[in-house]
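Scroll down for the structure; my scribbles are underneath it.
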Amino acid sequence: MSTILTRLASWLWLLIPANPILVRVVNSMSQRNRHLYLRFCYLAILATVVTVLLLSSGSAAGLSLSVLAKRASQTFMWASITQLALMCFLSPVFTAGAITQEKDAQTYNILISTPLSNAQIVIGSLLSRLYFVIVLLLAGLPVFLTTMVYGGVTTGQIIRSFAIAGSTAAITGSLAITVSMIRVGTRRTIFSFFLGIAAYLLLVYALAQMDATWVSEAPANPGRTQRLSWLAPFHPFLALDVALNRIKAPDITAVASYGPIGKYLAAYPAGTYILTTLSCSVLLTMLSMFFVRRCTKLGEQSLLGRLKPAFRKRNNQRKTRKPHQVWANPVAWREAVTRASATSRGMGRYLVIGCGLIGALWLLVYYLKGWAGFNPSETRTWLAVIIAIEFALVLIIATNTAASSLTKEKESKTMDLLLATPLSSSYLIWGKLRGLVSFVLPLIAVPVISLLIFGITDEIRRPAERAVYWETGMEIGSLMIIFSAYACMLGLHFSLKQRRTVKAVLLAVAVLIGANTAIFLFWNMIVEGASVLGPALAAATPFTSIQYMIDPSSIVESQAAYLQKIGSLRLSAFIGSAIFITLHAIVVFSWYKAMVRSFDMIIRKQSGL
């Protein structure tokens, strides 16, 4: 018996505390300046959120303790939301790169040839990356403790907030490891995973706003029409709302009729979310262990591969295919057509296009039938939100694709071949830009078609108040093309400056998200106070143009004033879009010319010539 316990203890010791991968990564990467800067930025963001909220609430002198406690509670709420959002972003960055970096460096085959077991490789890779995420959580704990000074924040709320953030990091980390193992992680793994997480969070959160998903026994929430949704146990931000008491859960006796599982889902959504995510993390980690060495068996045919010929249609004729019709600029054709025909990218585009069209048709039916109070004003709001989400995906896809455009040439050693051809730097970069914009044009067509459907429908029906006008689709579509060109130039900039695809993609997407968030918050305040000139000024930035050109009623005094000024608002939107399209086109062209001038020098420095 003692021998068995000794072996079990030795196995557990080598599996987690003395795991070679865990020890190597923690010892080597903890000393890197990049992780020091990352911890500093994480703490700086949390400290900035807390400081700004405390300062914006005014002086605490002369205020009652209840008012101070309410302010502290609001500060803690936004700090918790910020922490959870950072966890959703940082956890897959660390964990997905664990396998991808090994394979990009051609060291993965060496790793699996060692005596390390599948469990040691998977758990070591997962825990070595989650270690840094947990350190970030613990580093932010003093910031949260400062919100307890005036009361209003309990120890239980802090524990639940950190538990939700930690379990979210665990599920995203284990899922990233599993995807990397099953798909034999490539440089596109991280972006695909980010896109999947963003789509899931946005879609589930949008569904939770519909009353059809609400728990009928849930009590009302003061100041909010939304009630607890059945989706809360499966969404981190919905579960956090319950943990922060923003959404109230029903008593377990009121939902006892839903059975042993349903009543706990409704009564304890935050605790259920933590338990569910941790359980799924364990299952995903165990699943990925079966694919550590299986996906590297080159030349060995699987059972499914042996069965395929039996069901494949026999064709004794010679297999041929139609020749490709290459564009006048072959670089542009290569970027647009070959990327669109790739399996993962092609399926992703079709999925975004299909979901966008289905969402537009669903909204159109609700608008025409007047279901759930979908009047023209409510329809404009929903249409602006849906199109903003679609265009956010377009910008992220364009930036990611552009950021990997030149780095993939460097990593595959084909850049030297391109430089040996008669192609000039201006021809090469212009071809990249044109091909990348052409690649995202089908995605841009989805919101344009959606707006045109609503505009043409109202043009035929001619109601007293229309949801949108037909020319809005053309204006938004033109602006989306030029903003997509911006995103492509941003991705090309980092793709030219960086040698590695992963770093170029992460930097480009981070700058895209940060810049658009800051610009929207700043420019939104200007547009809101501009009245009739609001739609013209809104065309300057991507998301203010979508919000205020689709729904200009939010910047006028009342609904009656909106109907009275609709002609002036439409003219303002048309003039503003024409002016800013011209200005942005000039900026994009100037950026392109600057990149052409610096192209040869940067490439020579990177190649050591």
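The values are calculated or read from the model by the stated rules, or taken from the named source; none is laboratory data. Since this is a predicted model, take the numbers as computed values, not measurements. Because the Cβ atoms are built from the backbone with ideal geometry, glycine has one as well, and the counts that use them run over all protein chains shown. Calculation scope for accessible area: heavy atoms of the full protein, side chains included, ligands and nucleic acids excluded. Shrake-Rupley method; radii C 1.70, N 1.55, O 1.52, S 1.80 Å.
No other residue among A594, A573 is part of a helix (DSSP H, G or I), open to solvent by less than 70 Å² (accessible area, probe 1.4 Å) and within 16 Å of T544 (Cβ to Cβ) apart from A573.
Filtering the stretch 231-261 to residues that are farther than 26 Å from F162 by Cα and in a loop (DSSP other than H, G, I, E, B) leaves T253, A254, V255.
Of all residues in the stretch 75-87, at least one satisfies being open to solvent by 60 Å² or more (accessible area, probe 1.4 Å) and at pLDDT 85 or above. For the stretch 154-181, a tally of residues being open to solvent by 40 Å² or more (accessible area, probe 1.4 Å) and without any contact (Cβ under 8 Å) to a residue 60 or more places away in the chain returns 3.
Each row is one residue, and each column tells you yes or no for (1) touching a helix residue (DSSP H, G or I) at 6+ places or on another chain (Cβ under 8 Å); (2) within 18 Å of F580 (Cα to Cα); (3) of a type in the set (D, E, K, R).
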residue: E459; (1), (2), (3): yes, no, yes
residue: R466; (1), (2), (3): yes, no, yes
residue: A510; (1), (2), (3): no, no, no
residue: W523; (1), (2), (3): yes, yes, no
residue: A539; (1), (2), (3): yes, yes, no
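It is to be established whether one or more residues within the stretch 335-345 are of a type in the set (A, V, I, L, M, F, W, C), open to solvent by 40 Å² or more (accessible area, probe 1.4 Å) and modelled with pLDDT under 85. Checking the stretch 335-345: at least one residue is of a type in the set (A, V, I, L, M, F, W, C), open to solvent by 40 Å² or more (accessible area, probe 1.4 Å) and modelled with pLDDT under 85.
Taking the criterion of being open to solvent by 90 Å² or more (accessible area, probe 1.4 Å), closer than 28 Å to P142 by Cβ, more than 33 Å from the chain's Cα centre (by Cα) and modelled with pLDDT under 80, would at least one residue in the stretch 38-57 satisfy it? No, the stretch 38-57 contains no residue that is open to solvent by 90 Å² or more (accessible area, probe 1.4 Å), closer than 28 Å to P142 by Cβ, more than 33 Å from the chain's Cα centre (by Cα) and modelled with pLDDT under 80. Look at (1) in a helix (DSSP H, G or I); (2) at pLDDT below 85 and you find that S174 fails only one, number (2). Assess whether S424 counts as being open to solvent by 40 Å² or more (accessible area, probe 1.4 Å), of a type in the set (S, T, Y), at pLDDT below 90 and within 32 Å of the chain's Cα centre (by Cα). No, not satisfied.
With respect to the conditions (1) open to solvent by less than 30 Å² (accessible area, probe 1.4 Å); (2) part of a helix (DSSP H, G or I), V468 falls short on a single one, namely (2).
Residues of the stretch 377-417 that are open to solvent by less than 10 Å² (accessible area, probe 1.4 Å) and among the β-branched types (V, I, T): T379, I387, V394, T399, T401, T407.
Checking each residue in the stretch 138-153 for being open to solvent by less than 80 Å² (accessible area, probe 1.4 Å) and either closer than 15 Å to F76 by Cβ or polar (S, T, N, Q) (or both) picks out G140, L141, P142, V143, F144, T146, T147, M148, G151, G152, V153.
List the residue pairs whose Cβ atoms are under 8 Å apart, where the first residue sits in the stretch 351-370 and is of a type outside the set (S, T, N, Q) and surrounded by 14 or more Cβ atoms within 10 Å (Cβ to Cβ), the second is modelled with pLDDT of 85 or more and not in a helix (DSSP H, G or I), and the two are 6 or more positions apart or on different chains. Every condition considered, the pairs that remain are Y367/A467.
Among the residues making up the stretch 559-570, those that are in a helix (DSSP H, G or I) and open to solvent by less than 80 Å² (accessible area, probe 1.4 Å) are Q559, A560, A561, Y562, I566, G567, S568, L569. The residues of the stretch 2-14 that are surrounded by 12 or more Cβ atoms within 10 Å (Cβ to Cβ) and free of Cβ contacts under 8 Å to residues at least 60 places away in the same chain amount to a single one, W11. Taken together, the residues in the stretch 103-160 that are closer than 26 Å to P236 by Cα and not in a helix (DSSP H, G or I) amount to 5.
The residues listed here are M474, M489, M480; of these, the one that is open to solvent by 30 Å² or more (accessible area, probe 1.4 Å) and hydrophobic (A, V, I, L, M, F, W, C) is M474. Scanning the stretch 15-31 turns up at least one residue that is open to solvent by 80 Å² or more (accessible area, probe 1.4 Å), modelled with pLDDT under 80 and assigned to a helix (DSSP H, G or I).
When restricted to residues that are over 29 Å from V509 (Cα atoms), part of a loop (DSSP other than H, G, I, E, B), open to solvent by 20 Å² or more (accessible area, probe 1.4 Å) and not acidic (D, E), the stretch 192-230 contains 9. When residues of the stretch 245-293 are filtered for being within 27 Å of the chain's Cα centre (by Cα), open to solvent by 20 Å² or more (accessible area, probe 1.4 Å) and under 30 Å from R71 (Cβ atoms), how many remain? Within the stretch 245-293, residues that are within 27 Å of the chain's Cα centre (by Cα), open to solvent by 20 Å² or more (accessible area, probe 1.4 Å) and under 30 Å from R71 (Cβ atoms) number 4.
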